[in-house]
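Below is one structure, written out as structure tokens; comments come after it.
The values are calculated or read from the model by the stated rules, or taken from the named source; none is laboratory data. Because the structure is predicted, anything quoted here is derived from the model rather than measured. No Cβ is skipped: glycine too gets one built from the backbone with ideal geometry, and neighbour counts run over all protein chains shown. The accessibility values were calculated without ligands, DNA or RNA, using every heavy atom of the protein model including side chains. Shrake-Rupley method; radii C 1.70, N 1.55, O 1.52, S 1.80 Å.
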Amino acid sequence: MTRWIALSDQTAPLALPEGDDLARGLLVLEIELPLAGAAVLLDLRLGEGASEVALSLFHDLGAGIALLHRQGGRVLRHVLPGPLPQKPGVAQLRFGWDSGAGRWSLTLEQDGRRIAAEGARVLPLRWDDLRLLCTGGPGVMRHPAVLWFGVTEGAALPQPQAWLGVATPVETQRGAVQAGLLKPGDRVVTQENGAVAVTGVTRIAVPSRGSLAPIRLRAPYYGAREDILVSPDQPVWVGGPEAEYLFGEEEVLVLARHLADGQMAVADSRRAVAMGVVLDLGSPELVLADGCVLATAGPAGQPPVRRLLDGYEAQSLRSALLRLQRRVV
């Protein structure tokens, strides 16, 4: 599975480097648009002469996006021609490189609109340079519109993943335990099968801004006593007459991102990097977290325990839940 190996605002890479260079990977940035005129989005400059290093990302409304990469006497320039989209919102920029194959690509995507360019001749990225970019040390400049950036070890983005915030209280046989403290062998309380043993715990670090910002399910709408922090792709159980009226089923699952309405659930971008926990219970289950019910995934290919709503379906359910809460208040 593709993973993040370096993230902005981290003091160290998430993976240990093998060698001095990263021959193949993907640099991903999320940018808040619109940007006026021309701007330097990301800039790293070190040394002089034969030891000079530069990695500079430029934005220009008409000309497009250019990445200048210098290592000593070698200088390459990669360009994504404009004009660039200026619709307000978050855009994702991806620079992929494979120095072994001598290929690169630049892609900008926003709300389904995509522009791309590719070409030959590319330099590897050095681990030391990535480390400096992420820590924001001397010689590094970052435009305020850059929400976050990260590097993967392959040509693809990490797959969307459901996770719980490390402080999320999960019900176990010995009471509520923070998800970050769970370990294999602990027995968590499920809605249908009682206490089920945890077979695996995976701790991950992910970007916490832009489109990947985690969702805070607010108490008392979801958590009974405290807010619940989950990934935007965490399925949340919703049951009751609203679900049955709209979908003919008493219980459904909704991705947390589709529940975010600014009141009952909100995107939480207060931190640059979020630490999460993926629980493996051996099969799909519904676990209890301070009154909130969250779905865990089973082995690849197994369907979720309930019907998972599409985004457009979730909108009507979210509106119905909000009306219900207002009547209660």
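Every condition in (1) at pLDDT below 90; (2) surrounded by 15 or more Cβ atoms within 10 Å (Cβ to Cβ); (3) out of contact with any Gly (no Cβ under 7 Å at 6 or more places or on another chain) is met by residue 312 except one, and the failing one is (2).
I want to confirm something. Restricting to region 118-137 and keeping residues that are in a strand (DSSP E or B) and either more than 15 Å from residue 155 (Cα to Cα) or in contact with a His (Cβ under 7 Å, 6 or more places away or on another chain) (or both), which single residue is least open to solvent (accessible area, probe 1.4 Å)? Checking each candidate, the answer is 119. With the condition kept exactly as written, say whether any residue in region 216-230 is more than 23 Å from residue 285 (Cβ to Cβ), open to solvent by less than 20 Å² (accessible area, probe 1.4 Å) and aliphatic (A, V, I, L, M). No: zero hits.
Counting residues in region 167-190 that are within 24 Å of residue 10 (Cβ to Cβ), in contact (Cβ under 8 Å) with a residue 60 or more places away in the chain and part of a strand (DSSP E or B) gives zero. So is residue 293 in contact with a Phe, Trp or Tyr (Cβ under 6 Å, 6 or more places away or on another chain), open to solvent by less than 20 Å² (accessible area, probe 1.4 Å) and not aromatic (Phe, Trp, Tyr) or not? The answer is yes for residue 293. Checking each residue in region 188-199 for being buried (at least 16 other Cβ atoms within 10 Å of the Cβ) and not aliphatic (A, V, I, L, M) picks out 190, 191. Scanning region 138-149 for residues that are modelled with pLDDT of 85 or more and exposed (fewer than 15 other Cβ atoms within 10 Å of the Cβ) yields 141, 144. Looking only at residues of region 279-302 that are of a type in the set (Gly, Ala, Ser) and not in a strand (DSSP E or B), we find that the one that is modelled with the lowest pLDDT is 301.
Within region 232-278, the set of residues being assigned to a strand (DSSP E or B) and either farther than 21 Å from residue 304 by Cβ or among the aromatic types (Phe, Trp, Tyr) (or both) comprises 237, 266, 267, 273, 274, 275.
Take region 150-177 and flag every residue that is open to solvent by 40 Å² or more (accessible area, probe 1.4 Å), out of contact with any Gly (no Cβ under 9 Å at 6 or more places or on another chain) and either among the hydroxyl-bearing types (Ser, Thr, Tyr) or over 30 Å from residue 94 (Cβ atoms) (or both). Result: 171, 173, 174, 176. Candidates 15, 63, 36: the one that is open to solvent by 50 Å² or more (accessible area, probe 1.4 Å), among the small types (Gly, Ala, Ser) and modelled with pLDDT under 85 is 36. Sub-8 Å Cβ pairs linking a first residue in region 233-247 that is of a type in the set (Ser, Thr, Tyr) to a second residue that is surrounded by fewer than 18 Cβ atoms within 10 Å (Cβ to Cβ), at least 6 apart or interchain, are 245/320, ordered by first then second residue. Residues considered: 220, 138, 169. Of these, the only one that is touching a helix residue (DSSP H, G or I) at 6+ places or on another chain (Cβ under 9 Å) and closer than 28 Å to residue 263 by Cα is 169.
Between 63, 116, 120, the distinction of being hydrophobic (A, V, I, L, M, F, W, C) and under 27 Å from residue 213 (Cα atoms) belongs to 116 only.
Counting residues in region 73-81 that are modelled with pLDDT of 85 or more, farther than 15 Å from residue 115 by Cβ, touching an Asp or Glu at 6+ places or on another chain (Cβ under 6 Å) and hydrophobic (A, V, I, L, M, F, W, C) gives zero. Taken over region 140-183, residues that are of a type outside the set (S, T, N, Q) and under 22 Å from residue 235 (Cα atoms) amount to 19.
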